[in-house]
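For reference, the structure is listed below as structure tokens.
The values are calculated or read from the model by the stated rules, or taken from the named source; none is laboratory data. Bear in mind the structure is a predicted one, so any value in this text is a computation, not a measurement. Cβ coordinates were reconstructed from backbone atoms using ideal geometry, including for glycine residues, and neighbour counts include every protein chain displayed. Surface areas here come from the heavy atoms of the whole protein model, side chains and all, with no ligands, DNA or RNA. Shrake-Rupley method; radii C 1.70, N 1.55, O 1.52, S 1.80 Å.
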Amino acid sequence: MHAALVAPLVFLVASLYAGRVLRQPFDDEVYTLNLVDNTSVGEIAHAAVTGMDVHPLGAYLPFAMLRALGLPDWGLHAASLVVSALAAALSAVIVLRLAERPLGRAPSSAEGVLLGLATGLAPLLIAQGDVLRWYPLFALLTLGAVVLLLRGASLSAALLLGASASVNVIGFVNFAAIAAVVATCARAGGPRRMLAMTPVFAVAALPGAINLGFVLSKGMGADNLVSLPMAAMLMVTGFLGGQSLGIVQSVPVLVAVVAACVLARRQSWRALSDDLAWRTVAALFAVAVALTFAGLWKPRSVMYLAPLACGIVVVLLLAARGLRPATRTAGLVAIVLAQLVVLPNLRGNDTPFKRSTTVPVANVIGLLEANDARHASIWSIDPAIARAARRHLPQACVAETDEQAERCPAADRIVLVLGHSSSAGLPEAFLARAAQRLGADAHRVEVPFGLDEEAALKSWLSGVPLSRFVTRVVLLERATDGRTAAPRPVSARPDSL
């Protein structure tokens, strides 16, 4: 079976096993869902082009169009997963091309299956493949452009590269990746080829360019820069599962990184330097390295490199000189096992590095329903819980900002959903406003969710103070002659709310 078929099939099976598609959305995805649910396609296009959002038109328009056709949340996740599966197929095509030079021949059928298997099991692609963000579509367009460029279809490639710039042009400077591919292939084709590609690329990239101008004029751009050691660690472990793995869980799969470093020493890179495919892919990885040195640390932004990285490790092992057959076989098994180890963690890890991906939404809503919060004020720092509360407790006043909380009518009961917030001071603001509304002697019951044994380690690594619990629900009630009863137990609920 061809690697381009093996990779997407393996990816789809592994993704569904890992719990993709039928899952709750996390904070960034809730932003996308709220946008497509409450804004027309035309309004999204206007806002994206005029720089109302840091991402251009293509980041949200596909989801808005699919939602307009009636697709539910899981349908949007499934659409992203299909796009990522196609990206995996394109990655396998590129990896097969990369294998030809070091092997000195086209890969055999068995080698093709191995390359497709490694490519389709890329942990970062599985972790982020169904996300309601721009990463899958950007990966598909960028990898598609690379395939077309390698086959000499430069004008079609320029069209896809321009379209990818209209999907994301500012987030983590992925435009630099596009420029790297264009420059590398233009060098191979000469100035005439570059001249022919430029107008096609410019037209397709126009929405992204307009958005970029507005964004830069408003001082928006990359944020949350971290130190180089921190950025490097997050990038490396990110390729082993994005931020869906905890720190401890990612340690076993570091064997793949070690193997890649050892195998790289056995390969003559000078022999590959004049190969167009290797130069193009090297340009893409150089961008990721440059971003890391700049302190940019979100590996999901370079998700398109993950399947290539996994395939290249297998290529290096297959082409490594002086290895005994038993050693080569053991290495191949170790690489695949290292990828498979990630899947149970993606499926069952409740405390990943990005804790907002596993906020216990169902349990929190069950607690609120069991304790009759229908007419309460519910102030949540987590967008996913706020969205679920609006759906399941429509009579409650749900707020996500202090300004929204101020507009909530007076109530004898206020429920605070607290945890780490990207909005500085928001938990404290909620607590202060609740005390102002109910009085300092209000009865208080606190229920924690999601014990994170790695919280201290994550805080030390990231510099962000994290509590031992992912989420805390604080039930506050105006003081009366009685006292607030202990929270009623939470009944089991499905995870997808």
- Query: What tally of residues in segment 1-51 results from selecting those that are open to solvent by 40 Å² or more (accessible area, probe 1.4 Å), hydrophobic (A, V, I, L, M, F, W, C) and closer than 19 Å to residue 358 by Cβ?
  - Reply: 2
- Item | Odd one out for residue 106 among (1) under 28 Å from residue 343 (Cα atoms); (2) in contact with an Asp or Glu (Cβ under 9 Å, 6 or more places away or on another chain); (3) assigned to a loop (DSSP other than H, G, I, E, B) | (1)
- Query: Name the residues in segment 344-361 that are surrounded by fewer than 19 Cβ atoms within 10 Å (Cβ to Cβ) and either farther than 22 Å from residue 454 by Cβ or modelled with pLDDT of 80 or more (or both), would you?
  - Reply: 344, 347
- Residue check, residue 285 at pLDDT 70 or above and open to solvent by 60 Å² or more (accessible area, probe 1.4 Å): no
- Among the residues listed as 384, 370, the single one being under 16 Å from residue 473 (Cα atoms) and surrounded by 19 or more Cβ atoms within 10 Å (Cβ to Cβ): 384
- Message: Quick check on segment 202-225: of everything there that is hydrophobic (A, V, I, L, M, F, W, C) and at pLDDT below 65, which residue is farthest from residue 55 (Cα to Cα)?
- Response: 225
- Message: Take residue 294 and tell me if it is aliphatic (A, V, I, L, M) and under 25 Å from residue 154 (Cα atoms).
- Response: no
- Of the residues in segment 135-163, those that are open to solvent by 30 Å² or more (accessible area, probe 1.4 Å) and more than 17 Å from residue 203 (Cα to Cα) come to 137, 140, 148, 150, 151, 152, 153
- Filter result for residue 254 (modelled with pLDDT of 70 or more, in contact with a helix residue (DSSP H, G or I) (Cβ under 9 Å, 6 or more places away or on another chain) and open to solvent by 20 Å² or more (accessible area, probe 1.4 Å)): no
- Query: Among the numbered criteria (1) within 12 Å of residue 475 (Cα to Cα); (2) without any contact (Cβ under 8 Å) to a residue 24 or more places away in the chain, which single criterion is violated by residue 395?
  - Reply: (1)
- Under 8 Å between Cβ atoms, at least 6 apart or on separate chains: pull out the pairs that start in segment 310-337 with a residue that is on the phi > 0 side of the Ramachandran plot and end on any residue that is surrounded by fewer than 21 Cβ atoms within 10 Å (Cβ to Cβ). 322/266
- Just give me the residues in segment 109-121 being in a helix (DSSP H, G or I) and touching a residue at least 12 places away in the same chain (Cβ under 8 Å), in sequence order. 109, 111, 112, 113, 114, 115, 116, 117, 118, 119, 120
- Options 428, 403; residue that is open to solvent by 30 Å² or more (accessible area, probe 1.4 Å), modelled with pLDDT under 85, more than 28 Å from the chain's Cα centre (by Cα) and under 20 Å from residue 382 (Cα atoms): 428
- Just one of 440, 492 is closer than 19 Å to residue 370 by Cβ, of a type in the set (A, V, I, L, M) and at pLDDT below 80; which is it? 492
- Message: When you scan segment 463-481, do you find a residue that is surrounded by 10 or more Cβ atoms within 10 Å (Cβ to Cβ) and modelled with pLDDT under 70, even just one?
- Response: no
- Residue by residue through segment 55-85, note down the ones that are crowded, with 17+ Cβ neighbours inside 10 Å, out of contact with any Asp or Glu (no Cβ under 8 Å at 6 or more places or on another chain) and within 12 Å of residue 136 (Cβ to Cβ). 58, 62, 63, 76, 79, 83, 85
- Qualifying positions in segment 1-32 - of a type in the set (A, V, I, L, M, F, W, C), in a helix (DSSP H, G or I) and out of contact with any Pro (no Cβ under 6 Å at 6 or more places or on another chain): 3, 4, 5, 6, 7, 9, 10, 11, 12, 13, 14, 16
